[in-house]
1. Of the peptides 264-277, 330-343, how do they stack up when ordered by the mean number of other Cβ atoms within 10 Å, highest first?
2. How far is helix 212-224 tilted off the main Cα axis of the chain, in degrees rounded to 10, range 0 to 90?
3. Run the helix sum for the chain: -39,500 (n - 2.57) per DSSP H stretch of 4+ residues, divided by residue count, reported at 222 nm to the nearest 500 deg cm²/dmol.
4. Short version: what are the Cα gyration tensor semi-axes of the stretch 273-383, square root of 5 times each eigenvalue, largest first, in whole Å?
5. Taking H placed 1.01 Å from N in the peptide plane, check which residues at least 5 places from Ile99 or on another chain put their amide H under 5 Å from its amide H.
6. Give the dimensionless ratio obtained when the Cα radius of gyration of the stretch 212-314 is divided by 2.2 N^0.38 Å.
7. Among the lysines, which have Cα under 28 Å from the Cα of Lys308 when same-chain residues fewer than 8 positions away are ignored?
8. Once the Cα atoms of helix 150-160 and of the chain are each reduced to a long axis, what angle between those two axes, in degrees from 0 to 90 to the nearest 10, is obtained?
Amino acid sequence: MSKNKRIVIKVGSGLVVSEETRAPRFAFLHGLMADIAELRAKGHEVVLTSSGAAAIGLDMIGIEPADAGLQDKQAAAACGQPLIINAYKQVALEFGIGIAQVLLTSEEMENRRRYLNTKNTIERLLKNGILPIVNENDTVTTKEIRVGDNDRLAAKVAQMIHAEEFVMLTDIDGLYDRPPHEPGARFVPEVTDVADFLDATTGKGLLGSGGMLTKMQAANMAQNAGASARIAEGIIEAPISSVLSGRRRHTHCLAHGDPQSAWRVWLTDRLQMAGSVTVTAAAAAGLRAGTQGIGTADLVATSGEYQKGDVLHVYDEQGTEIGRGLTNFSSNETMLLVRCSEEEVSDVLGYDSHSDIIADRDFALLGEHNLSWDRPAESELASMG
């Protein structure tokens with residue numbers, strides 16, 4: 001690894017916090033920070049995404065992990081955030097590294113303006129030699145707006161800053177073709193298409209919210225942005241550099257040869273589904289041919305309570321996801337426009353706007369390596385008929 005690179009590292013709760021004592025695992029943190037210091041000394045820029053705040057705070061509120069609900073986890077995160085960042089600060093000071101805490105929700109990742117503001121903040125920290133430590137802001141997130149796992153949050157950060165390497169450190173040495181405790185399970189050293197292995201990715205840890213499934217989803221997001229994703233065991237000595245140099249076993253998810261544009265990556269790789277629309281067969285053909293946007297006459301059904309500027313998932317009538325696009329109208333406005341399709345937008349809504357629900361320039365087809373999402377259930381769809 002001779003060229004200076006941007007590296008995003010994700011470490012899970014089980015590595016950062018002891019399951020027995022629910023205290024920081026300082027031996028691991030010391031080995032991690034020593035390796036980060038070595039990478040930075042070689043000219044690489046590093047961003048760390050760390051779980052552990054809620055896990056370390058559970059003792060303070062007297063709740064067992066298995067019994068913790070959303071409000072318990074929010075309170076535990078509020079208790080644990082200062083403890084976990086202080087642990088990192090103590091260790092980082094030994095290596096002369098300044099740190100900064102960056103707390104994010106899915107709103108920062110899904111809203112384009114907030115996304116760019118977050119990107120600018122992280123870029124400025126890197127420019128000034130500060131190590132950004134990113135975590136989901138569990139204290140304020142609700143079930144509807146939380147990312148739910150730091151694997152995909154870290155992948156979003158890797159996309160955001162155009163990282164070349166994305167390393168996920170966990171409690172296992174990589175991906176297996178079936179749950180590793182099953183007889184005959186085989187290690188998978190290299191992955192091109194993560195869709196081939198999604199059926200083998202069940203289960204998660206006691207303290208964490210993600211498992212191998214979220215790691216493969218995160219790897220796919222990084223691959224789409226041209227980053228090499230690696231899944232490895234979080235050992236104490238040189239946990240990152242030993243992976244990047246190939247000195248120890250790990251699963252390497254190869255970067256795709258045609259990384260998508262920053263706009264397309266942001267549009268197609270989502271953390272949450274804000275809403276969806278189902279379009280007619282003719283509209284689906286036009287979208288696939290790249291010859292049109294989506295107008296009111298093209299809609300068969302819609303779902304979700306979305307707002308103007310949200311990204312909608314677009315399906316054909318068979319339930320196959322075609323692509324994703326930025327909507328010009330809220331769900332209520334969309335329904336109103338469909339009912340009043342013969343009238344001008346300004347007459348219906350009281351303001352001028354693009355007439356398409358999703359303009360052609362704001363729509364992106366799913367590519368070969370994008371993971372599609374299932375269409376919402378029929379009971380969740382509002383018919384336009």
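Only the coordinates and a few stated rules stand behind these numbers; no lab work does. Please read all numbers here as calculations on a predicted model, not as lab measurements. We place every Cβ from the backbone using ideal geometry, glycine too, and count neighbours over all the protein chains shown.
1. Numbers: 264-277: 20.6, 330-343: 15.6.
The peptides rank, most packed first, as 264-277, 330-343.
2. 70
3. Values: 13 runs with 133 residues, N = 385.
Taken over the chain, the calculation gives -10000 deg cm²/dmol.
4. Details: eigenvalues 93, 45, 32 Å².
Semi-axes (√(5λ), whole Å): 22, 15, 13.
5. So Ile99 has HN proximity to Leu131.
6. Working: Rg = 19.2 Å, N = 103, 2.2 N^0.38 = 12.8 Å.
In units of the globular-protein estimate, the stretch 212-314 measures up at 1.50.
7. Excluding near neighbours in sequence, the set is Lys119, Lys143, Lys156.
8. That helix lies at roughly 70 degrees to the long axis.
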